[in-house]
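The values are calculated or read from the model by the stated rules, or taken from the named source; none is laboratory data. Since this is a predicted model, take the numbers as computed values, not measurements. Virtual Cβ from ideal backbone geometry, glycine too; neighbours counted across all protein chains shown. Ligands, DNA and RNA are stripped out before the accessible areas are found, and what is left, the full protein with its side chains, is counted by its heavy atoms. Shrake-Rupley method; radii C 1.70, N 1.55, O 1.52, S 1.80 Å.
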Amino acid sequence: MSQETPTPLFIDTGGFYAAYVEDDANHARASAVFDAIQAGKYGPIFTSRYVLAELATVILYRKSHYHAVSTIEELRASETINVVPMTEDIFDAANQRFVDYDDQEIAFFDHLGGALAREYEIEHVFTFDPDDFHTLGFTVVPADTAEGTRCG
């Protein structure tokens, strides 16, 4: 029996936040996703400096400076997580989608994540903002997958 090829995954701010903040309502589900990553279900793993910047800010305001710094340092030192660069073309593509989706209230950060995922041919996004990423055409982890749900 051969192991399936891992699924590339882009991690959004909410996925990291839930994983690194133990009292977050989604912590158990986020931990299950990270367990699936360690088990080889997902990979390679991608994020962006924009996600890390937003994450640091959210943790700073909701938790503490120390928690924000230690989380970002751990993520930046990770050998598993690829922090991909934001080129001018990718930024422009995100901006165009932001303009085009004028009937939606999708954060520019989410358009940036979507544009990066498209550039790297990633179809799965780990987030707890499923509606925005569904609208952008992505499979959302864990909303569309089994991680963190109990099977009867």
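Values as computed for the structure displayed
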item: Scope region 49-92; condition surrounded by fewer than 16 Cβ atoms within 10 Å (Cβ to Cβ) and of a type in the set (Asp, Glu); matching residues; result: Glu73, Glu74, Glu79, Glu88, Asp89, Asp92
item: Filtered residue count, region 99-152, keeping only those that are of a type in the set (Gly, Ala, Ser), open to solvent by less than 60 Å² (accessible area, probe 1.4 Å) and free of Cβ contacts under 8 Å to residues at least 60 places away in the same chain; result: 4
item: Total residues in region 8-48, condition part of a strand (DSSP E or B) and either among the charged types (D, E, K, R) or open to solvent by 40 Å² or more (accessible area, probe 1.4 Å) (or both); result: 2
item: Region 53-112, residues that are over 13 Å from Val21 (Cα atoms), aromatic (Phe, Trp, Tyr) and assigned to a helix (DSSP H, G or I); result: Phe91, Phe98, Phe108, Phe109
